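Scroll down for the structure; my scribbles are underneath it.
The values are calculated or read from the model by the stated rules, or taken from the named source; none is laboratory data. Only a predicted model underlies this, so the values are computations on that prediction, with no experimental measurement involved. With ideal geometry, Cβ positions are generated from the backbone for all residues, glycine too; neighbour counts draw on all protein chains shown. Side chains are part of the model used for accessible areas, which takes the heavy atoms of the whole protein and leaves out ligands, DNA and RNA. Shrake-Rupley method; radii C 1.70, N 1.55, O 1.52, S 1.80 Å.
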Amino acid sequence: MTTPAPTRATPNRPESTDLDAAERATTLAACARLKDAPGALLPILHAIQDALSYVPGAAVPLIAQELNLSRAEVHGVLSFYHYFRTEKPGRRVLRICRAEACQSVGAAALEQHAKRRLGVDYHGTTADGAITLEAVYCLGNCALGPSVMIDDTIEGRVDAQRFDEIVARARSAR
Amino acid sequence: MSAASIVYVPADASAVAVGADAVAAAIHAEAARRGASVRIVRNGSRGLLWLEPLVEADTPAGRIAYGPVAPGDVPGLFDAGFLGGGTHRSCLGPTAQIAYLKNQERLTFARVGLTDPLDLEAYRAHGGFRGLDAALDLKPGEIVERVTASGLRGRGGAAFPAGIKWKTALDAAADRKYVVCNADEGDSGTFSDRMLMEGDPYALIEGMTIAGLATGATQGYIYLRFEYPHARRALERAIETAREHGYLGERLRGTDRRFDLEVRIGAGAYICGEETSLLESLEGKRGQVRFKPPLPAIRGLFGKPTVINNVITLASVPIILDRGAEYYRDFGLGRSRGTLPIQLTGNIRHGGLVEKAFGSTLRELLYDFGGGSRSGRPIRAVQVGGPLGAYLPESQFDTPIDYEAFAAIGGMLGHGGIVVFDDTVDMAAQARYAMEFCAIESCGKCTPCRIGSTRGVEVIDRLRAGEEPAKQEALLRDLCDTMIDGSLCALGGLTPYPVRSALNHFPEDFRKPAAARSRG
């Protein structure tokens with residue numbers, strides 16, 4: 001579920017009114033646990049994404065307040081890194097390696113097959129909410145490509161047929 | 001009841017990616033069904049990746065290898081008596097006698113694949129922590145001298161002498177210093193860092209601890225990419241175990257020295273493999289490149305002197321301290337001393353990890369070890385050194401694995417990854433991808449990289465479409481020069497290498513067929 005960013009009458013107030021209770025609690029807990037570590041922002045963003053599967057955009061002011069950073073700094077970091085997402089993904093995130101070693105054994109064809117089969121482009125989520133498709137640049141499985149990563153499981157030598165099996169398994173695994 | 005038979009099934013991510021977990025489960029279930037007493041050890045990978053899942057049985061005659069093994073093969077393996085080394089169609093004979101492994105010179109990877117990577121006693125039994133014990137008896141300057149004398153150069157790609165970097169950090173006075181391990185192995189065609197971290201994590205811990213002793217640093221960070229969840233688990237558990245046994249923390253091995261370690265996870269930014277971007281990221285910022293100077297060894301993480309080295313560089317230090325600088329330096333040639341773990345990847349029949357002294361040729365690696373292409377078609381091009389490395393044609397396959405020899409042909413050895421392409425490759429598409437990748441991963445700090453990469457994609461598109469090709473090619477070459485000369489770091493500065501090499505060696509791919517051109 002995504003909600004359009006509301007226009008704020010009081011842009012400097014750190015209130016995060018559009019965070020729901022769980023998002024707010026998760027954000028505050030991550031900040032409380034990690035904010036004294038040196039260079040805490042990335043570990044905090046990871047902790048939030050690990051718990052929620054995304055970092056709500058509306059958490060930015062709250063994180064900024066907790067870490068004594070500007071909202072621009074937090075937003076800058078959150079938007080810089082490809083891994084962090086601000087919207088809830090499908091139940092599973094499927095990443096296809098687009099890098100050269102996988103290209104040399106048919107990654108481009110696999111990409112096309114995946115997009116057609118799932119009916120989405122990169123960053124898209126299937127209509128049933130099961131799978132979000134992402135690109136990834138190397139999974140370190142370069143001798144046994146093409147490779148994909150589904151959540152944190154890596155699969156090698158993935159052709160169209162194996163891709164379909166992986167998708168079917170991912171869908172049936174609730 | 002007799003002692004349990006020991007069976008090794010790798011837990012390495014690549015082995016698991018082709019079914020090693022299912023094979024281990026099948027062996028477990030089949031042993032239970034037959035009432036056989038079997039202990040399954042999840043070892044690191046031997047690096048013979050095309051044979052994964054590679055199962056080994058520990059027999060009186062040594063370890064016997066079987067591979068690739070599918071779960072369905074397991075009952076047949078039991079029938080064949082594989083626990084005692086019995087004959088089976090997947091039997092490869094004694095593991096140590098397999099030519100691919102036997103013909104390597106494994107120093108850094110000597111232990112990988114032998115044991116359960118988290119078994120501290122096994123690590124010690126195979127020579128682990130001897131380098132650290134040696135370092136604890138030396139003064140910091142003496143450790144640095146040994147690393148310098150070994151000739152070890154940075155294995156991440158830049159090949160800067162490790163000892164000089166350490167000396168700079170040692171000489172920098174500060175209240176706090178850091179050791180940072182660059183484990184952001186983002187180059188396509190490389191996985192040696194991953195294999196080492198999963199297969200011998202204590203070696204990295206030991207190397208980093210020695211770096212701490214050598215420079216006076218007391219805190220280390222391993223900056224690991226999120227794409228490596230197996231390595232993360234291995235490192236975190238290994239750090240915990242090392243700490244429990246006095247190999248990390250306060251009072252190292254009962255001395256008054258201290259060093260501790262933490263794993264930090266990246267977030268999918270290739271640029272964070274560049275050392276100054278990595279430091280920014282560790283500080284919790286956008287991974288944007290810093291200007292140098294100051295060097296990180298003088299003002300690095302949080303403004304303090306910082307040794308930042310790649311995984312393989314740091315994991316090669318223990319053997320140098322243990323066996324001596326001369327021992328390590330005696331491998332290799334010219335200014336490339338020691339060994340390099342080479343990764344044979346992409347369209348290659350026998351893909352895997354080959355650690356060799358510097359000096360073998362690309363051709364030996366591609367054909368003698370690699371066995372040619374996986375597809376069976378002729379090899380047309382190889383890319384060495386990751387996405388910023390040049391594409392090399394067959395005429396350059398006799399180049400020896402040596403930093404200077406590669407520089408001389410406009411290439412680079414980088415982190416030792418070799419990606420193989422057969423004759424179906426479209427080199428213009430590869431050149432375009434190089435620019436596209438740079439555009440996706442540019443940190444945005446400098447203009448030649450941020451804008452140049454996007455313009456590069458456009459120019460290559462026009463060139464491929466046959467729009468005034470001579471003009472486009474001149475423009476593309478000019479753009480490459482600008483990026484090389486004007487970029488702040490290696491991303492923008494080296495992206496032109498794959499582009500130019502593709503253009504130089506495979507110009508025909510940039511010219512569309514006449515029929516298509518006349519339509520366009």
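Observations, loosely collected:
- Cross-link table B:K102/B:K165; B:K165/B:K285; A:K35/B:K165, entries beyond 27 Å C-alpha to C-alpha: B:K102/B:K165; A:K35/B:K165
- The calculated 222 nm mean residue ellipticity attributable to helices in chain A amounts to -12500 deg cm²/dmol, summing -39500 (n - 2.57) over DSSP H runs of n ≥ 4 and dividing by all residues.
- Total charge dipole magnitude, chain B, about the Cα centre, Cβ charges on Lys, Arg, Asp, Glu only, Debye to nearest 20: 480
- Helices in chain B, meaning DSSP H runs of at least 4 residues, each add -39500 (n - 2.57). Divided by all residues, the mean residue ellipticity at 222 nm is -11500 deg cm²/dmol.
- Cβ charges +1 (Lys, Arg) and -1 (Asp, Glu), total dipole of the stretch B:26-163, debye: 180
- Dipole of the stretch B:372-520, positive end: most advanced residue of B:C480, B:A381, B:G452 [Cβ charges, Cα centre]: B:G452
- On association of chains B and A, roughly 3800 Å² of accessible area becomes buried (total for both chains; probe 1.4 Å).
- Comparing B:A242, B:G300, B:V317 along the charge dipole axis of the protein assembly as shown, the residue lying farthest to the positive side is B:G300, per the Cβ-charge model.
- Counting Lys and Arg as +1 and Asp and Glu as -1 over every other residue whose Cβ lies under 11 Å from the Cβ of B:A405, the net charge comes to -2.
- Across the stretch B:111-177, C-alpha contacts under 8 Å between residues 6 or more apart give a mean separation that, scaled by the residue count, equals a relative contact order of 19 percent.
- Restricting the calculation to Cα atoms, every distinct pair contributes to the Kirkwood radius of chain A, found to be 17.6 Å.
- Heavy-atom accessible area with a 1.4 Å probe sorts B:L92, B:L152, largest first, into B:L92, B:L152.
- Using the Cβ of B:I312 as centre and a radius below 9 Å, the other residues enclosed give a net charge of 0, where K and R count +1 and D and E count -1.
- A DSSP coil position with no more than 15 other Cβ atoms inside 10 Å describes none of the chymotrypsin sites (Phe, Trp or Tyr not before Pro) in the stretch B:338-412.
- Net charge over other residues, Cβ less than 12 angstrom from the Cβ of B:I205 (K, R count +1; D, E count -1): -4
- For the pair B:R462 and B:E236, a Förster radius of 41 Å applied to the C-beta separation gives a FRET efficiency near 0.25, rounded to the nearest 0.05.
- Long-range Cα-Cα pairs in the stretch B:120-329 (distance over 23 Å), rounded percent: 38
- Look at the stretch B:220-228: the mean tally of other chain Cβ atoms within 10 Å of its residues' Cβ atoms is 4.
- Using a probe of 1.4 angstrom and keeping all protein chains present, the accessible surface of chain B works out to 36 square angstrom per residue.
- Intensity falloff of the stretch B:189-269 expressed as log10 I(q)/I(0), Debye formula with alpha-carbon point scatterers, at q = 0.12, 0.15, 0.26 Å⁻¹: -0.34, -0.52, -1.26
- When the charge dipole of the stretch B:332-422 is built from unit charges on Cβ atoms (+1 for Lys and Arg, -1 for Asp and Glu) and taken about the Cα centre, the candidate among B:A407, B:L344, B:L365 whose Cα reaches farthest toward its positive end is B:L344.
- Shape of the stretch B:114-181, Cα gyration tensor, a/c cut at 1.5: prolate
- Its alpha carbons give the stretch B:353-496 an Rg and a Dmax of 16.2, 48 Å.
- Per-residue average of Cβ from other chains inside 10 Å of B:282-292: 4
- Three-way shape label, the stretch A:80-140, alpha-carbon gyration tensor, a/c 1.5: oblate
- Expressed per residue, the C-alpha convex hull volume of the stretch B:50-99 stands at 64 Å³.
- Only protein heavy atoms count here; on that basis, with a 1.4 Å probe, B:S5 has an accessible area of about 30 Å².
- B:Y178 long-range amide H proximity, modeled H, under 5 Å: B:T306, B:V307
- Placing B:K471, B:K292 in order of accessible area, with the largest value first and a 1.4 Å probe, yields B:K471, B:K292.
- With all pairs of different C-alpha atoms in the average, the Kirkwood value for the hydrodynamic radius of the stretch B:265-318 is 11.6 Å.
- Heavy-atom accessible area for A:R85, with the other protein chains in place and a 1.4 Å probe, reaches approximately 40 Å².
- For the stretch B:427-519, the extents of the C-alpha atoms along the principal axes are 42, 22, 19 Å, listed from largest to smallest.
- Rounded if a/c under 1.5, otherwise prolate or oblate - chain B, Cα gyration tensor axes: oblate
- With Cα atoms as the point set, the protein assembly as shown shows a radius of gyration and Dmax of 25.2, 81 Å.
- Straight-line cross-link partners of B:K292 among the aspartates and glutamates, defined as a Cα under 15 Å from its Cα and at least 8 positions apart when in the same chain: B:E274, B:E275, B:E280.
- Overall Cα dimensions of the stretch B:332-422, principal axis frame, Å, largest first: 36, 23, 21
- Summing Cβ point charges (Lys, Arg +1; Asp, Glu -1) relative to the Cα centre of the stretch B:454-500 gives a dipole of roughly 100 debye.
- Per-residue mean of C-beta atoms belonging to partner chains within 10 Å, peptide A:92-101: 6
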